[in-house]
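Down below is the structure, laid out as structure tokens.
The values are calculated or read from the model by the stated rules, or taken from the named source; none is laboratory data. What you see is a predicted model; the values in this text were computed from it and never measured. Methodologically, a virtual Cβ is constructed for each residue, glycine included, from the backbone with ideal geometry; neighbour enumeration extends over all protein chains shown.
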Amino acid sequence: MNLTPRTTEAPSAPRGPGAGWEPQRSFDELGRPLRDITFCVVDLETTGGSAEGGAMITEIGAVKVRGGEVLGEFQTLVDPRTEIPAFIAVLTGITNGMVADAPAIESALPAFLEFATGSVLVAHNAPFDVGFLRYFAEQQGRPWPTFEVLDTARLARRVITRDDAPNCKLSSLAKAFGSATTPNHRALQDARATVDVLHGLMERLGGLGVHTLEELQTFSSRVTGAQRRKRHLAEALPHAPGVYLFRDEQARVLYVGTSRDLRTRVRSYFTASETRSRMGEMVGIASAVDGIECATALEAEVRELRLIAEHKPRYNRRSRFPEKVHFVKLTREPWPRLSLVRRVLDDDADYLGPFSSKKTAEKCLAALHDTFPIRQCSDRLPKAAAKSACVLAEMGRCLSPCDGSVDETAYAAVVRQLRDSLLRRPDEVVEAINARMTALAGDERFEEAGVHRDRLAAFVRAAARTQRLAALTRCPEVVAARREDDGRWAVHVVRRGRLAAAGVIPSGADAHAYVATLRQSAETVRPGPGPVPSATAEETEKVLRWLESPGIRLVDVDGEWTCPVAGATRHLAVHDAVNQSRLSLVPFADRRGLTPVHQPTR
């Protein structure tokens, strides 16, 4: 046994088949080149298949390698404090007598972690070996180092075919790659064989353009050779946050994406597993990739939205048509009404939305009509209307101003209540529809109750969203900053809900002067009508999420950034919980709409 790591000099001639990858030094500098990575290849012998099931470690073996050279070896038997099963002893050759004087895992594990720290852990069927090590580290109250882990078995399944080896067992792979070490279920011997398998896999993948740890970790045989040959398209991109645009031979934009590291992200399209078949198709068509470097991640996200809306790339599924939205409008006329519209006009009307789905907008409209008996006809009525009443009036669902059944003052009072529900306090709608659902559920009319539940949810979400968006878009300017992970301050200038400028204060710079300059150079944003007058709702929501994130400091606020205390947001939790219960495994009655939506306790 040997608890002290045994360091040996690198052999004059490379061992096994791995020698082929070492002379291959034409790696580009994207990511971490494999030649510079220190790998710690580890193997365990145990008394069983599960640490949580009571199995113990009987031996740890490890080999540390870098650039094809062995830097050191580690080997120790471990006293399992239990009898080694006979079939395990026959399999490994490790007997109870051999481990009688061996150190316990409390001593062996710290020694191994000291040997392995700073390297990438490698194992054949890594979840087994690493799972045992992590389990005993937790049992000892020992923090687990932030190891990156590479599984040669998993990697082999992506590379090796039936023509190469009958299966991906260590013994089969060692034979296929001509390893100088034959696996024999002893930890150090098996670790040495795994080193040769690792080097053999690297040699195989080097010919496919896999030269960095990141590419090795994400390699998939699903990526074709033609795709891999396009990896040079990422070489001109910076290691910085920003937006990337894939273009075809006619320079048409195929896809727009965003990343905190442009070059690494774009390179992954040519080397990593891409489960989305559309993306594989897109990469096959692409002939160029443009990158737009951004000062902050938020700026990159916003630019992505704007570029998708501008170019409408066919391989982007979301955010392509921000103009295809609907609003619920409360008109300004002698006898106001609600209507569904596609555009916001500067007509002093009140708008709820935007809705990305017409169906959702119609549910919200129905919830309001269920609560407030204002007219639903689309005619323009004069103050002194003289028409016959409609069916809704006969059913008591319309005040019927068309035939003079209601005077202007009484009708205006209902409209004021409706406007208050839209803009400030939705309680009247919530209470009315909850009461209706309770009555329907009591009569076992669950399908109808479910319809009203969905209408109420559509209204509450729309009202909450509109109130939050309008609160920010009313402000001519909001300037905020946050300290980022690198210690520098990211600053954003937001005008009427639109990101007008973004920057990061340079180290040692005068913060006040930098912010003042950023504000002076920011985009001019003019006021407009509606809850989102100057940007898409999606952009303003991204800005809001950043402003509401931890660590934000408001530098300056021009205007009042406030939401109504009794607004719709306080009802959201109930509807989110109901929706989640519908998506989870709940009783059949709940799925059918049995559970009424109750107003939260104040």
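Structure summary
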quantity	calculated
Where K329 falls short, out of the listed (1) within 30 Å of A413 (Cα to Cα); (2) surrounded by fewer than 19 Cβ atoms within 10 Å (Cβ to Cβ)	(2)
Tally, over the range 160-178, of residues that are in contact with a helix residue (DSSP H, G or I) (Cβ under 6 Å, 6 or more places away or on another chain), over 14 Å from R192 (Cβ atoms) and surrounded by 16 or more Cβ atoms within 10 Å (Cβ to Cβ)	2
Some residue of the range 476-494 being free of Cβ contacts under 8 Å to residues at least 40 places away in the same chain and either among the hydroxyl-bearing types (S, T, Y) or closer than 25 Å to L307 by Cα (or both)	yes
Per-region count, the range 76-91, residues of a type in the set (D, E) and either modelled with pLDDT of 95 or more or within 11 Å of I105 (Cβ to Cβ) (or both)	1
Odd one out for G508, checked against (1) surrounded by fewer than 14 Cβ atoms within 10 Å (Cβ to Cβ); (2) in a helix (DSSP H, G or I)	(2)
Enumeration of residues in the range 346-396 that are of a type in the set (S, T, N, Q), farther than 27 Å from A471 by Cβ and touching a helix residue (DSSP H, G or I) at 6+ places or on another chain (Cβ under 7 Å)	Q376, S388
Residue that is farthest from P241 (Cα to Cα), among those in the range 272-283 that are surrounded by 15 or more Cβ atoms within 10 Å (Cβ to Cβ) and modelled with pLDDT under 65	E274
Subset of the range 447-487 (residues that are in a loop (DSSP other than H, G, I, E, B) and surrounded by fewer than 17 Cβ atoms within 10 Å (Cβ to Cβ))	R474, P476, E484, D485, D486, G487
Complete set of residues in the range 499-529 that are touching a helix residue (DSSP H, G or I) at 6+ places or on another chain (Cβ under 7 Å) and touching a residue at least 40 places away in the same chain (Cβ under 8 Å)	L499, A502, G503
Filter result (of a type in the set (G, A, S) and over 23 Å from P531 (Cβ atoms)) within the range 478-501	A481, G487, A490
Some residue of the range 415-424 being modelled with pLDDT under 90, more than 21 Å from P382 (Cα to Cα) and part of a loop (DSSP other than H, G, I, E, B)	yes
Residue within the range 562-571 that is in contact (Cβ under 8 Å) with a residue 24 or more places away in the chain, in a helix (DSSP H, G or I), surrounded by 14 or more Cβ atoms within 10 Å (Cβ to Cβ) and touching a Cys at 6+ places or on another chain (Cβ under 7 Å) present	yes
Some residue of the range 395-408 being touching a residue at least 60 places away in the same chain (Cβ under 8 Å), within 30 Å of E538 (Cβ to Cβ), in a helix (DSSP H, G or I) and more than 35 Å from the chain's Cα centre (by Cα)	no
Residue among R465, R461, R483 that is within 24 Å of R332 (Cβ to Cβ), charged (D, E, K, R) and under 30 Å from the mean Cα position of the chain (by Cα)	R465
When residues of the range 338-362 are limited to those that are of a type outside the set (A, V, I, L, M, F, W, C) and crowded, with 20+ Cβ neighbours inside 10 Å, the one farthest from L305 (Cα to Cα)	D350
Pair list, Cβ < 7 Å and 6+ apart or interchain, from the range 353-379 residues that are part of a helix (DSSP H, G or I) to residues that are polar (S, T, N, Q)	H369/Q376
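Here's the yes/no breakdown for (1) under 30 Å from R263 (Cα atoms); (2) at pLDDT 95 or above; (3) assigned by TED's automatic domain parsing to the domain that holds R35; (4) not acidic (D, E):
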site: N184; (1), (2), (3), (4): no, no, yes, yes
site: L188; (1), (2), (3), (4): no, yes, yes, yes
site: A193; (1), (2), (3), (4): no, yes, yes, yes
site: R204; (1), (2), (3), (4): yes, no, yes, yes
site: H211; (1), (2), (3), (4): yes, no, yes, yes
site: K230; (1), (2), (3), (4): yes, no, no, yes
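Here's the yes/no breakdown for (1) more than 30 Å from A470 (Cα to Cα); (2) under 19 Å from the mean Cα position of the chain (by Cα); (3) not in a helix (DSSP H, G or I):
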position	(1), (2), (3)
M282	yes, no, no
D290	yes, no, yes
S319	no, yes, yes
K329	no, no, yes
P336	no, no, yes
S339	no, no, yes
